[in-house]
Amino acid sequence: MNQNLSSYWIFYTVANAGNISKAAKELYISQPAISKSIQKLEESLNCKLFSRSSRGVILTDEGSLLYGHVKEAFETLNSGEDKLKRSIELGVGHISIGVSSTLCKYMLLPYLREFIHRNPHIGISISCQSTNETLRLLDENKIDIGLIGKPENLKGIHFDFLDNIEDTFVASPEYISNLSERGIAENELLSNATLMLLDKNNMTRRYIDNYFQTNLITASDTIDISDMGLLIDFAKIGVGVACVIKSFVAKELEEGKLVEIPLDIPIPKREVGFTYKETAKASNSLESFIQFYKTYRPEE
């Protein structure tokens, strides 16, 4: 396109008005300025666009051909502006969130349920993977925000504390009873039971492995499982002792379906929160989500 958009807007207005004087009033510019703009456009296109009449100006055949395309272009622009305004008014947008499957099920879903209710026109996409993978995707701008356990290094990211989580070991009453019948004392349970842990790529597993190493605990038999929901289900049917987040089994502990294994040295609590890049420009949708989770607390 050899001419700027304003030249075509002047041409379009003159064609609609059929009169340079009337067009000048609509555009709030002088008649000579309009005439000069039309002349430059005609020279650029190497054809006559208007012919003068007693009533003003009329389009030539070439001008009519150009007008049809210019009219369609400006109508498309107007339609785009209208759609954009409606989108802004409705809060239309999109957010991509990175989170582990465990935190997604037990911590993120209650927030999403209410946020979607309040913001039905904001689309949500979820990438379920490890904390390390979430941080990588965040660094590569492939997700907007992540829900993770607080990492040791916060360089380049902003972390908003959400809650503390506490790891614990649980088993069914029957499993504990069976170990007791074998003569295994309460303080020997972790060393003699079948321990069910999240797989080694999981940040929680690394945290627990470090706890074992620090406190000189050696497990005789372990089962790696990729999903905490399965850990809980397997513990309830007596497969072994599961390492889980305590608040996620509060109902089972209260109902007596699971029993907490007492520890001589408690596992230190961990911080969980939302994180996003400090340098990234937050979209309106992301800003809405950030303001939402800072004030909303799911019902217990």
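Remarks
- Counted residues, region 210-225 - those being outside any strand (DSSP E or B) and either exposed (fewer than 14 other Cβ atoms within 10 Å of the Cβ) or in contact (Cβ under 8 Å) with a residue 40 or more places away in the chain (or both): 8
- Selection count, region 102-154, where residues are exposed (fewer than 13 other Cβ atoms within 10 Å of the Cβ) and among the polar types (S, T, N, Q): 3
- Looking only at residues in region 136-160 that are without any contact (Cβ under 8 Å) to a residue 40 or more places away in the chain and not in a loop (DSSP other than H, G, I, E, B), the one that is farthest from Tyr293 (Cα to Cα) is Arg136.
Yes or no, residue by residue, for (1) farther than 17 Å from His121 by Cα; (2) assigned to a helix (DSSP H, G or I):
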residue: Leu263; (1), (2): yes, no
residue: Pro266; (1), (2): yes, no
residue: Glu271; (1), (2): yes, no
residue: Phe274; (1), (2): yes, no
residue: Lys281; (1), (2): yes, no
residue: Glu287; (1), (2): no, yes
residue: Tyr293; (1), (2): yes, yes
residue: Arg297; (1), (2): yes, no
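- Looking only at residues in region 227-243 that are under 34 Å from the mean Cα position of the chain (by Cα) and small (Gly, Ala, Ser), the one that is farthest from Leu190 (Cα to Cα) is Gly229.
- On inspection, Glu252 fails the criterion of being farther than 20 Å from Leu103 by Cα, surrounded by 13 or more Cβ atoms within 10 Å (Cβ to Cβ) and acidic (Asp, Glu).
- Residue list for region 155-187, restricted to those being more than 23 Å from Glu252 (Cα to Cα), among the hydrophobic types (A, V, I, L, M, F, W, C), surrounded by 12 or more Cβ atoms within 10 Å (Cβ to Cβ) and in contact with a strand residue (DSSP E or B) (Cβ under 8 Å, 6 or more places away or on another chain): Ile157, Phe159, Leu162
- Of all residues assigned to region 226-235, at least one qualifies as being touching a Gly at 6+ places or on another chain (Cβ under 8 Å), outside the structural domain of Pro110 (by TED's automatic domain parsing) and not in a strand (DSSP E or B).
- Taking the conditions (1) more than 17 Å from Arg205 (Cβ to Cβ); (2) over 17 Å from the mean Cα position of the chain (by Cα); (3) in contact (Cβ under 8 Å) with a residue 12 or more places away in the chain; (4) in the same structural domain as Tyr276 (by TED's automatic domain parsing) in turn, Ala171 satisfies each one other than (4).
- Residue tally, condition within 29 Å of the chain's Cα centre (by Cα) and in contact (Cβ under 8 Å) with a residue 24 or more places away in the chain, over region 244-267: 6
- In the set (1) more than 21 Å from Phe292 (Cα to Cα); (2) assigned to a helix (DSSP H, G or I); (3) out of contact with any strand residue (DSSP E or B) (no Cβ under 9 Å at 6 or more places or on another chain), the condition left unmet by Glu114 is number (1).
- Taking region 178-209 as the range and being among the basic types (Lys, Arg), assigned to a loop (DSSP other than H, G, I, E, B) and under 19 Å from Ser130 (Cα atoms) as the test, only Lys200 passes.
- Entry remark, region 66-84: residues being of a type in the set (A, V, I, L, M, F, W, C) and free of Cβ contacts under 8 Å to residues at least 60 places away in the same chain number 3 in total.
The values are calculated or read from the model by the stated rules, or taken from the named source; none is laboratory data. Not measured: the values here are computed from a predicted model. Note: ideal-geometry Cβ built from the backbone for every residue, glycine included; neighbour counts use all protein chains shown.
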